[in-house]
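Novice: Pasting in a structure now, in structure tokens, and then I'll have a few things to ask.
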Amino acid sequence: MNKVKKIPEVNNNSSIVAKAGLWYTICNFLFRGMAFITTPIFTRLLSKDELGTFSNFSSWISILTVVTSFDLAQSVIRSKLEHEDDMDSYMWSILAFSTIWTVVVYFIVCLFPAFFSKMFQVDMKYIHIMFLYLLVAPAYSMFITKQRAFYRYKTFVVLTGIMTISGTLLSLIMVVLMDDDKLAGRIFGYYIPYIAISAVIYVLIIAKGRKVKIGYWRYACVICLPLVPHTLSLYLLSSSDKIIITNLCGAEYTAIYSVAYSAYHIVTILFDSMNKAWAPWLLESLHMQRYNEIQKISKIYIGLFAIFIGGIMLIVPEIIFILGGKQYLNAVYCLPPLITSCMFQFVYTMYVNIEFYEKKTLGVCIATIIATGINIVLNLIFIPMSSEYSYIIAAYTTLCGYMVLFVLHYVIVKKMKKDFVYDIKFIVCLLGIIFILSLSMNYFYNYTIIRYITILFYGIVILYLGLKNKYNIARIFKNTTKGKK
């Protein structure tokens, strides 16, 4: 009975939930934005080969994190509802399961070092660091997820801040000091703080959990294993192009693509934060069957993001120059299709929210697997055709992957007979405009004066429309943020 009383008490405290949501969004912007802020520094300190190798290394870690941990940390929030009084034991149990599997995978890698070194395109000394991280990182993920589950946003923000800032600063210091091996400085400097802090948390979880309960393994696997293909496919969709470019064309081309991808993250940060506000309001509105209001507000919601997309596209050369300098200016031609892919991602996520509301998530997994498969096949077919333009080809294959995701999720929602929630004609028209705009930018960037005039005109028009519709925009923001409270 005590457990039943505790949960509503926490969930009904709207001020705590709202404050936690606000801090998660701020934390997301600040700490994910650090990667963007420090990119200009690292592009000037590292060679293209070193920068590309680090990007390839990070991509492999993202993929292997899912393979070795099964993303079991995601079950912590759900487990709170049933095992709140035994959370310490639950966390140690699933952490032990993750540890055993990681050790097994590491043993296999060590049996065939030459094969995996070639596969990962890095020396074994870096692979050892990789698996040390994979061994202890789940402890950090589980601990952080537990803080979120209990709305302990202060611990979440402080710990995330320490991890991000220490990793960035130490890698910067080590790159400067290790002039003879800057790649080692970048990798060790970035991952050692994560490993050290995660190791401390790992020991604390063992001390509190004490006993491993096998029954919790089954509970966590039932929740998480069905979503592993979806999560892994998402990582592959965003990372496979870097890995394929590195293996087929070389780390230097990966570096050019990575600079463009860093700029692309500006848009994804905004998209992620906007969705955190939109999704709760949408689910509440769907429950109340306020379909007319959803369709009306969704048009402005999508339109605002499209306006932001258009503005970013106009200043791509300046963004790339700031991030990488003259040696990375070819990355300019990667960014329009990558930014356009974020527009498609933005829209298909709106349909995914409907699928989650209807509790039909199998389609989410299948759609992601199909889109990722298509993306990888396109990369393998077209990237080898021209290594010189491999990074540009990868940007367009990424766009194709997200276009497929949009079509698949629309079809899924249409079969649910919920496609009327959004105005598909408006959406397709807007997506078409953005797509054509991205193609035209390849020629437009050659005419700097005309582009600057366009930027000035664009800014004036947006400022005028913003001031004219400020009350409507404020009302929309107020409505969507109600979902957090």
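Novice: According to a simple spin-label model (label point 7 Å from Cα along Cα-to-Cβ), what is the distance in nm between Tyr389 and Lys125?
Specialist: Label at Lys125, label at Tyr389, 4.0 nm between them.
Novice: Ranked highest first by the average count of other Cβ atoms within 10 Å around their residues, in what order do 257-269, 436-448, 44-56 fall? Mind dumping the intermediate values first?
Specialist: Numbers: 257-269: 23.8, 436-448: 14.4, 44-56: 20.7.
Packing proxy ranking, top to bottom: 257-269, 44-56, 436-448.
Novice: Whenever you get a sec, compute what percent of the accessible area on the chain sits on carbon and sulfur atoms (1.4 Å probe). Intermediate values should be presented prior to the final figure.
Specialist: Details: 15740 of 22690 Å².
Of all accessible area on the chain, carbon and sulfur atoms account for 69 percent.
Novice: Now for a different question. Taking 7 Å along the Cα-to-C-beta vector as the label spot, tell me the Asn292-Glu318 distance in nanometres, rounded to one decimal.
Specialist: According to this spin-label approximation, the distance is 4.3 nm.
Novice: Please quote Rg/Rh for the stretch 234-377 to two decimal places, taking the Kirkwood radius as Rh and restricting both calculations to Cα atoms.
Specialist: The Rg/Rh ratio comes out at 1.03.
Novice: A further question on this structure: Helix-only estimate, please: 222 nm mean residue ellipticity of the chain, summing -39500 (n - 2.57) across DSSP H runs of length 4 or more and dividing by its residues, to the nearest 500.
Specialist: My calculation for the chain gives -29500 deg cm²/dmol from helical runs alone.
Novice: Would you mind putting 452-458, 315-321 in packing order, based on average other-beta-carbon counts within 10 Å, highest first?
Specialist: Working: 452-458: 12.1, 315-321: 18.6.
Per-residue mean Cβ counts within 10 Å order the peptides as 315-321, 452-458.
Novice: Still on this structure, please answer the following. Using 0.36 nm times the number of residues separating Val103 and Leu465, minus their current alpha carbon distance, what extension gain do you get?
Specialist: Working: separation 362, 0.36 × 362 = 130.32 nm, distance 5.76 nm.
That works out to 124.6 nm of additional length.
Novice: For the chain, what relative contact order do you get, as a whole percent, if you take Cα pairs closer than 8 Å and at least 6 residues apart? Walk me through the numbers before you get to the answer.
Specialist: Values: 565 pairs, mean separation 104.4, N = 485.
Normalised by residue count, the contact order of the chain is 22 percent.
Novice: Over the stretch 28-136, average the accessible area per residue using a 1.4 Å probe and give it in Å², no decimals.
Specialist: Details: 4550 Å² over 109 residues.
With all protein chains present, the stretch 28-136 gives 42 Å² per residue.
Novice: Further question on the same structure: Leaving out ligands and nucleic acids, note down the accessible area per residue over the stretch 303-419 with a 1.4 angstrom probe, in whole Å².
Specialist: Numbers: 4450 Å² over 117 residues.
Heavy-atom accessible area per residue stands at 38 Å².
Novice: Also: Using R₀ = 41 Å, calculate the FRET efficiency as 1/(1 + (r/R₀)^6) where r is the Cβ-Cβ separation of Lys299 and Asp86; round to 0.05. Each step should come with its number before you reach the end.
Specialist: Details: r = 48 Å, r/R0 = 1.16.
After rounding to 0.05, the efficiency reads 0.30.
Novice: Read through the labelled values (1) 66, 53, 44; (2) 67, 61, 38; (3) 57, 52, 42 and report the label of the one computed as Cα extents along the principal axes in Å from the structure.
Specialist: From the options (1) 66, 53, 44; (2) 67, 61, 38; (3) 57, 52, 42, the structure gives (2).
Novice: Please work out the average accessible area per residue across the stretch 144-227, using the 1.4 Å probe convention, and give it in Å². Don't skip to the end; give the middle numbers.
Specialist: Values: 4360 Å² over 84 residues.
On a per-residue basis, the stretch 144-227 sits at 52 Å².
Novice: In nm, to one decimal, how far is the modelled label at Leu329 from the one at Val212, with both set 7 Å along Cα→Cβ?
Specialist: Computed distance between label sites Leu329 and Val212 equals 5.8 nm.
Novice: Going by average Cβ density within 10 Å per residue, which order do the peptides 82-89, 345-352 take, highest to lowest?
Specialist: 345-352, 82-89
Novice: Rg and Dmax of the stretch 194-310, using alpha carbons, in Å: what are they?
Specialist: 21.3, 55
The values are calculated or read from the model by the stated rules, or taken from the named source; none is laboratory data. Since this is a predicted model, take the numbers as computed values, not measurements. Neighbour counts are summed over all protein chains in view; Cβ atoms, including those assigned to glycine, are modelled from backbone coordinates with ideal geometry. Ligands, DNA and RNA are stripped out before the accessible areas are found, and what is left, the full protein with its side chains, is counted by its heavy atoms. Shrake-Rupley method; radii C 1.70, N 1.55, O 1.52, S 1.80 Å.
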